[in-house]
Each structure stands twice: as structure tokens, then as C-alpha cells.
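Undergrad: Let me give you the structure first, and then I'll get to my questions.
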Amino acid sequence: MPDLYAVIGNPVAHSKSPLIHAAFARQTGQDLVYERLLAPKDAFVATANAFRARGGRGLNVTLPFKGEAFRYATRLSERARAAQAVNALKFEGEVIFADNTDGAGLVNDLVRNLGCVISGRRILLLGAGGAARGVIEPLLQQQPAQFVLANRTPDRAQRLAQSFAGRLEAGTYAALAGGRFDLVVNATSASLAGELPPLPPGVFAPGALAYDMMYGKGETPFLAFARGEGAALLADGLGMLVEQAAESFFFWRGLRPDTAPVLQRLRQTNDA
Ligand code: ATR
């Protein structure tokens, strides 16, 4: 019997995770199956428990259950604790190990795939929801020279910055005027709605990288704005998706797959 894994979410039909993990399993010779698990919005725990009863070894968790998965876990990794959200669960007997691989996925995509240097540079992170929270600690660990968080509702940004002991600055979009950043990461859900966060002009420093955590939406309004503002490099979140999957695979199987061929294949089908 192959080991059983799945991605749990609602909706989940669009998820590329089964494709990615099947490719990782083939590449590393691991005998596993990876399914999609649609949970009713009010039945995350019941659905996860039923999956465990079927012999499930681990889950990736996607929207809207990352907070519930955090509360469901019995043992949290350091980065899951910092994120207060969980996207990977591992079941061993009664123990539910939990991790958050989103931030490491972003950092690995930036540093390894895109050749971006974060250390000593100026970073701007847009948004103060779960997606932003999940990537703050791994970004901070790269030791940027400056780390600014901007959000439409400034209170939320302030509270989030405080929960990281003031290791980043928080403010409004308007307050960014005159600032220059080497890396601007869009962690808002604005792209989902085809909207642009209200960035003032001039925030992209020469050579800047603009990164939208969204993928599969073509050029988002944020990336189009960044292009117009002269950002040197534009990236969507497909690389982050593959890199967070690789971190999850390592969490479960103790093996690191080669992400490059998998990302390349996904890009080809995405662009087709
Ligand atoms: P997620 O878990 O995906 O981060 P969320 O908790 O709903 O989802 O947070 C969405 C984020 O996108 C918030 O930072 C939100 O800003 P507010 O806190 O002011 O609501 C941000 N957001 C959504 N639409 C936006 C838009 N059109 N412009 C700017 N920010 C937007």
C-alpha cells in the first residue's frame, strides 16, 4: 500500500499540489499517492480525522483552513508558531506535527530561483492577512536592512508588526511616498479581485524585484504597475507554490526533491 497524502481545502479542485507531489514522488522513487480533499467549510476537523482513520500520513492545508489546522495540531514547528497558521500536517500515531512551509517557499524561490539577495536590502511587504503573516519570520531571518509592511487598514499592519516585536515598520500606503525598495512582495488578496494596492509612484528602486504571491492570473495589476514603474524583474507565485511543496515533501519524507524541472513543466502548461 502506498503512503497516503492529500491537500485539504475549499475549494480545492484547482490545486496543483497533486501534480507537484506526484512529480516529486516519481523523481525520488517514493511510493505515495496524493489526493484532493474537499472539506465542507464547517467540517475541517471531521474531514481531517476521517482522512487519518483511512491511514492518511499527512496533509497540505489551503484556504480557508490554515488557522484551524494551527489549532488542530499537537506539535508546532517554530515557523508555524510565528505564522499562527499551518499548511502542512504530519500524522504519527496520536501526534499531529504541524509546519508552515509558505515562508521558506517564498524565500527559496526568491534566493535560489530568482537570484534575489535579501540580506542588507530594503523590503516592502504589502498586506497584513494570513498570507503576509506566514512569510514575515523567514524574510526577517534573511536580515534585510529595512523591512516595511504596508496595509490598507493600518491598524492591522501595526498589530502584526507588534507581534514580531517591532522587527519591522508598519504603516499606510500613503506613508510609502518617497521610499525606495529593492524587493516589493504583494501578499494582499487584491490580485484575486483584479485590483491594485494603492502604491504611490516611485517605490521601486533601480534593479528592484516585484513579486506577486498570486499565480495563474497572468500579469496581475500589481505586476503591470511594477513594470510601468521600471521594476527590473517581475515574478508570480508559481515558484513559491513549488518551493513550499518541496519543503512539505521534506517535512514528510526527509528528502529534498529537485524543484527546477517541476517548476519548468508547470510554467509550460501554465503559459500554454
Ligand atoms: P489572506 O489570508 O489571503 O492574507 P486576508 O486575511 O483576508 O487574506 O487578508 C487580505 C489582505 O489583502 C489584507 O491585508 C487586505 O487589506 P485590509 O486589511 O485593509 O483589508 C488586503 N487587500 C485586499 N484587497 C485589497 C486591495 N484592493 N487593495 C489593498 N489591499 C487589499
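The values are calculated or read from the model by the stated rules, or taken from the named source; none is laboratory data. All figures in this text were calculated on a predicted structure; none of them were measured in a lab. Neighbour counts are summed over all protein chains in view; Cβ atoms, including those assigned to glycine, are modelled from backbone coordinates with ideal geometry.
Undergrad: Among (1) surrounded by fewer than 23 Cβ atoms within 10 Å (Cβ to Cβ); (2) among the small types (Gly, Ala, Ser); (3) within 30 Å of Leu263 (Cα to Cα), which single condition is Ala128 missing?
TA: The number of the failed condition is (1).
Undergrad: Which of (1) on the phi > 0 side of the Ramachandran plot; (2) within 9 Å of the ligand (Cβ to nearest atom) does Gly166 not meet, given it meets every other one?
TA: So the condition that Gly166 fails would be (2).
Undergrad: A follow-up question, please. Can you go through Leu149, Leu223 and tell me which one is within 15 Å of the ligand (Cβ to nearest atom), at pLDDT 95 or above, surrounded by 15 or more Cβ atoms within 10 Å (Cβ to Cβ) and within 17 Å of Ala128 (Cα to Cα)? Let's see the steps before the verdict.
TA: Values: Leu223 fails: within 17 Å of Ala128 (Cα to Cα).
Result of the check over Leu149, Leu223: Leu149.
Undergrad: Of the conditions (1) within 19 Å of Gly134 (Cβ to Cβ); (2) away from the ligand (no atom under 12 Å from the Cβ), Asp182 clears all except one; give me its number.
TA: Condition not satisfied by Asp182: (1).
Undergrad: How many residues, within the stretch 187-212, are out of contact with any Gly (no Cβ under 7 Å at 6 or more places or on another chain), outside any loop (DSSP other than H, G, I, E, B) and more than 9 Å from the ligand (Cβ to nearest atom)?
TA: Of the residues in the stretch 187-212, 7 are out of contact with any Gly (no Cβ under 7 Å at 6 or more places or on another chain), outside any loop (DSSP other than H, G, I, E, B) and more than 9 Å from the ligand (Cβ to nearest atom).
Undergrad: Turning to a different aspect of this structure: Name the strands (runs of 3 or more DSSP E) wholly inside the stretch 4-115 in which the number of residues that are among the acidic types (Asp, Glu) and either surrounded by 15 or more Cβ atoms within 10 Å (Cβ to Cβ) or out of contact with any Ser or Thr (no Cβ under 6 Å at 6 or more places or on another chain) (or both) is 1 or more. Reasoning before the result, please.
TA: Numbers: elements: 32-38, 56-61, 88-92, 95-99.
Because the criterion is at least 1 residues that are among the acidic types (Asp, Glu) and either surrounded by 15 or more Cβ atoms within 10 Å (Cβ to Cβ) or out of contact with any Ser or Thr (no Cβ under 6 Å at 6 or more places or on another chain) (or both), the strands (runs of 3 or more DSSP E) in the stretch 4-115 that meet it are 32-38, 88-92, 95-99.
Undergrad: I would also like to ask the following. Given the conditions (1) in contact with an Asp or Glu (Cβ under 8 Å, 6 or more places away or on another chain); (2) in a strand (DSSP E or B); (3) within 16 Å of the ligand (Cβ to nearest atom), report the number of the one that Leu124 does not fulfil.
TA: (1)
Undergrad: Would you mind finding the one in Gly67, Gly93, Gly130 that is outside the structural domain of Ala46 (by TED's automatic domain parsing) and either at pLDDT 95 or above or not acidic (Asp, Glu) (or both)? It would help to see each step written out before you state the result.
TA: Details: Gly67 fails: outside the structural domain of Ala46 (by TED's automatic domain parsing); Gly93 fails: outside the structural domain of Ala46 (by TED's automatic domain parsing).
It is Gly130.
Undergrad: Shifting gears a bit: Of all residues in the stretch 168-177, count the ones that are at pLDDT 95 or above and touching a helix residue (DSSP H, G or I) at 6+ places or on another chain (Cβ under 8 Å). Break it down stepwise before answering.
TA: Looking only at the stretch 168-177, we keep the residues that are at pLDDT 95 or above, and these are 168-170, 172-177.
Still in the list and also touching a helix residue (DSSP H, G or I) at 6+ places or on another chain (Cβ under 8 Å): 168-170, 172.
The total comes to 4.
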